[in-house]
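Below: the structure, in structure tokens.
The values are calculated or read from the model by the stated rules, or taken from the named source; none is laboratory data. Everything quoted here is computed from the prediction, not taken from an experiment. Note that we place each Cβ from the backbone using ideal geometry, even for glycine, and neighbour counts take in every protein chain shown. Note: accessible area is taken over every heavy atom of the protein model, side chains too, but ligands, DNA and RNA are not part of it. Shrake-Rupley method; radii C 1.70, N 1.55, O 1.52, S 1.80 Å.
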Amino acid sequence: MSARFSSYGNFGTYFTNNSDPLSMSATRWGIVSAGKISHDFCVALSTLSFDEHKIVAVAARDRARAEEFAKKHKIPNAFGTYTELADFKDVDVVYIGALNPQHYEIGMLMLEHGKHVLCEKPLCLNLYQAKNLIQYAERKKLFLMEAVWSRFFPAYQYLRKQIQTGMLGEIQEVEVSFGFSLINVDRLSKNDLGGGVILDLGIYAIQVSQWAFQEPPVKIVANGEVNTEGVDIAVNAELHYTRNRISKISLSGKKQLDNKAIIKGTKGEITLINFWCPIKIIDIDGKEREWVLPQGSHPTNFLNSEGLRYEAEAVRQALINGKIENETVSHNDSLLFARIEDEIRQQVGVVYNDEKVN
């Protein structure tokens, strides 16, 4: 027997209402890149109120692609360079859906032009870049968040509450696997595209581990397999925490894994199904609990992408309240994610050709 809940229309569990006049006007979004994830983000925005979220511009390196994208999503302005979008005055916040190596440069460009930024994960290629980007955003007093959308799903909020109230007891172990057959996907397999399972899939496994333990690991042990370009295609890692607690992570770009996260405590466990975008869990009592997503304006490319709406609404609430970060995915969270990713990559032996490290 399963319990079903509406997972839209009410953000009251972790967003607060605000009577500030800014809350009466729509947040104006600019979209960077006209690829698959940007499409899905626009579909997710279509499930929210048009009075609160408006997509006003899109930019791609190919103007024709931007114009095609704009037509599909009814966006009034299309640009053939990212600089044009950065210069466009009617954008409040930019969503960066470009490839991993471009995040740092585009993020800096948008911040330089006074734009708030929601940047797809990983925030940057490494800790050095992430530090620079975050420090610059803080100096400019502009909002910046890594788009770790998982944490804004009702299932994650429910899990956090169960941990905080002691329903699971002390968390002892997280067991998480994440894998798909991605060998022929360029963005996953090529060095110059910042490929590899650590940055593409590992970020999700790392963040769910941190969501459970809420402290930095004291030791990291990792090994993996790299392809001919020196990019990781399979990784096993252990994140060790105080009091002999552990997160066991399996990542694969070679085959599909079960893609679950099991959070085990002294009093019970919760399983997140499709843990990076979960609408279903197996609760402490062994019963299934489900939160239903709304349908967007178009089909999506990736599973449960309508759930990107939750992080979009979190960004709006942060802007309304004058915040430059969100506590659910804070700047310190992103720095820790990057540090863990760097350490795993170092142990596996993955270095990007154009990587800036100092």
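Over the chain, with every protein chain in place, what whole percent of the accessible area is carbon and sulfur at 1.4 Å, could you tell me? Can you show the working numbers first?
Details: 7340 of 15570 Å².
Result for the chain: 47 percent of the exposed heavy-atom area is carbon or sulfur.
Per residue, the solvent-accessible area of the chain (1.4 Å probe, heavy atoms of protein chains only, all protein chains present) comes to 43 Å².
The relative contact order of the stretch 201-348 comes to 20 percent, based on Cα pairs under 8 Å that sit 6 or more residues apart. Between Ser181, Ser189, Ser252, the residue with the greatest mean-square fluctuation in the GNM of the chain (Cα pairs under 10 Å linked by springs) is Ser181.
Remark: the stretch 146-185 is approximated by an ellipsoid whose semi-axes, taken from the C-alpha gyration tensor as √(5λ), come to 28, 15, 7 Å, largest first. Relative contact order for the stretch 269-329: 20 percent, from Cα pairs under 8 Å spaced at least 6 residues apart, divided by residue count.
Applying D = kT/(6 pi eta Rh) to the stretch 88-142, where Rh is the Kirkwood radius over alpha-carbon pairs, T corresponds to 37 °C and eta to 0.692 mPa s, the Stokes-Einstein value obtained is 296 µm²/s. Anyone know which of Thr300, Thr83, Thr47 comes out most mobile in the 10 Å Cα GNM of the chain? Ranking Thr300, Thr83, Thr47 by mean-square fluctuation puts Thr83 first. Return the ratio Rg/(2.2 N^0.38 Å) for the chain, where Rg is computed over Cα atoms only. That ratio works out to 0.95. For the chain, the membrane-span-like helices by this rule, meaning whole DSSP H stretches whose C-alpha atoms cover at least 18 Å of axis and whose Kyte-Doolittle mean is -0.5 or above, are 308-320; this says nothing about an actual membrane.
Taking 0.36 nm per intervening residue step and subtracting the Cα-Cα distance, what contour gain separates Arg160 from Gln347 on full extension?
So the extension gain works out to 64.3 nm.
Using Cα centres only, tell me the gap between the stretch 275-310 and the stretch 241-262 in whole Å. Measuring centre to centre over Cα atoms gives 20 Å. Looking at the square roots a ≥ b ≥ c of the eigenvalues of the Cα gyration tensor of the stretch 206-355, which shape do they give, rounded for a/c under 1.5, prolate if a/b is larger than b/c, or oblate? Verdict is rounded for the stretch 206-355. Find which of Phe153, Leu125, Val91 sits farthest along the positive direction of the dipole of the stretch 66-161, computed with +1 on the beta-carbon of Lys and Arg, -1 on that of Asp and Glu, about the Cα centre. The residue sitting farthest along the positive end of the dipole is Phe153. Under 5 Å between amide hydrogens, built in the peptide plane, is the criterion, and for Phe143 it picks out Val117 among residues at least 5 positions away or on other chains. Along its three principal directions, the equivalent ellipsoid of the stretch 146-256 from the Cα gyration tensor extends over semi-axes of 28, 16, 11 Å, largest first. With contacts taken as Cα pairs under 8 Å and at least 6 residues apart, the chain reaches a relative contact order of 22 percent. Kindly provide log₁₀ I(q)/I(0) values, in the same order as q = 0.18 Å⁻¹, from the Debye equation applied to equal alpha-carbon scatterers of the stretch 67-172. Result of the Debye calculation: -0.92. In a GNM of the chain with a 10 Å cut-off on Cα contacts, which of Ile282, Ile233, Ile249 has the highest mean-square fluctuation? With Cα springs under 10 Å in the chain, the top fluctuation among Ile282, Ile233, Ile249 is at Ile282. Database remark: amide H of Lys254 closer than 5 angstrom to the amide H of Phe180, Leu182 (H placed geometrically; neighbours at sequence offset of 5 or more, or on other chains; Pro and chain starts carry no H).
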